[in-house]
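Data first, discussion second: the structure below is written as structure tokens.
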Amino acid sequence: MAARKGLGRGLKKDVGNGLDSLITPKNEKLLSAEEMIDVNKIEPNKNQPRVTFNEDKLIELAESIKVHGVVEPLLVTKKDGYYKIIAGERRWRAAKKIGLKKVPVIVRDYTDQEIMEIALIENIQREDLNPIEEAMAYQNLIEEYNLKQDELAERVAKSRTTITNSMRLLKLDKRVQDMLVDERISSGHARALLAIKDMDKQYDFALKVFDEKLSVREVEKLIKSLDKPEKKKKKPKELSNDFVYREFEEKLKQIMGTKVSINRKDEKSGKIEIEYYSNEDFERITDILKLKEN
């Protein structure tokens, strides 16, 4: 079955209001009425974009199901004698947790590509995905079905820029990705850190962000300062016979009884600096030089 265009736009208003209206009118023949299915005949989708499930939130959902039941049916597709979840894995997990034998489902006939798209859209609209899961879901759809970013953007009702920025997060060091998943840094921090190409430095900087509670703007400013080349100090030009001048310098120090520096500009010129530390010191030095007025 050919993939249906505009799936994202159709889902945008429907996912939050029940999964019963996910199919466009021309595909009404694929609809089934809600039915109760044994939880053991239902299996999760291995290509489900969400990898992590918050245990506390799952317990909260289970408690709600205890009181109200499964209010919104799962969306599934029949495959090889079992039912694959398209949308509603959290509800299925929570129902199993409290020992429900059956859950309400609506069976649909979808292609594998459509299943991936719907699972992604449902999770995005419920804000159930962390930034890395979302980025990986976009990447999987693009690679699996040879989609261009603008094609994917249209199908999941997102801008191309959103998808591009999301997928860029996969270029982060894996340790930094984990910090993003654990909410120790934000997506804004993570995007700023992409400017640091050395992975170890990137991770060290991410730790600094977390430890010092830096804002995104502070991070961007610090990273820009890293890009500024350090001004190299000019190496002093090596002049001939320098050892001779160093010997004179030592002799003058002994004569003057204070610090004396001979700084050569080139082979023919330079300056001699004599330091003094009090008026008495100055008078003593001028006496030596015989510059004091009679």
- Query: Counting Lys +1, Arg +1, Asp -1, Glu -1, what net charge surrounds Leu169 among other residues with beta carbon under 9 Å of its beta carbon?
  - Reply: +2
- Message: Cut-off under 12 Å on the C-alpha distance; same-chain residues fewer than 8 positions from Lys102 excluded. Which aspartates and glutamates are left, in chain and number order?
- Response: Glu35, Asp38
- In the stretch 146-206, GluC sites (Glu not before Pro) in a DSSP loop with at most 13 other beta-carbon atoms within 10 Å: Glu183
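Expressed in nm to one decimal, what extension gain is obtained for the pair Arg217 and Asp266 from 0.36 nm per residue of sequence separation less their Cα-Cα distance? Show your work: numbers first, answer last.
Details: separation 49, 0.36 × 49 = 17.64 nm, distance 4.80 nm.
Additional length available on full extension: 12.8 nm.
Taking R0 as 35 Å, what's the FRET efficiency between Asp56 and Met199 from their Cβ-Cβ distance, rounded to 0.05? Could the numbers behind the result be given before it?
On the way: r = 32 Å, r/R0 = 0.92.
Result of the calculation: an efficiency of 0.60.
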- Tell me which residues come under 5 Å, amide H to amide H, from Leu74 once H is placed; ignore anything under 5 positions away on its chain. Val105, Ile106
- Item | Sites matching trypsin sites (Lys or Arg not before Pro) across the stretch 146-207 that sit in DSSP coil, with at most 16 neighbouring C-beta atoms within 10 Å | Lys148, Arg184, Lys197
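Using alpha-carbon pairs under 8 Å, 6+ residues apart, how would you state the relative contact order of the stretch 135-280 in percent?
Details: 110 pairs, mean separation 17.7, N = 146.
It comes to 12 percent, rounded to a whole number.
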- Task: For the stretch 175-189, take each phi angle, set θ = phi - 60°, evaluate the Karplus expression 6.51 cos²θ - 1.76 cosθ + 1.60, and give the result in whole Hz per residue in order, putting x for glycine and proline.
- Result: 5, 6, 4, 4, 5, 5, 4, 7, 6, 7, 9, 9, 4, x, 4
- Item | Amide H contacts of Gly270 (H built 1.01 Å from N, under 5 Å, at least 5 apart or other chain) | Lys265
- Query: Lys/Arg Cβ at +1, Asp/Glu Cβ at -1, dipole of the stretch 101-154 taken about the Cα centre: which of Asn146, Ile115, Met136 is farthest positive-ward?
  - Reply: Ile115
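Values in this text are rule-based calculations from the coordinates and carry no lab data. These figures come from a predicted structure and were not determined experimentally. When we count neighbours, we look across all protein chains shown, and the Cβ atoms used for this are built from the backbone with ideal geometry, even at glycine.
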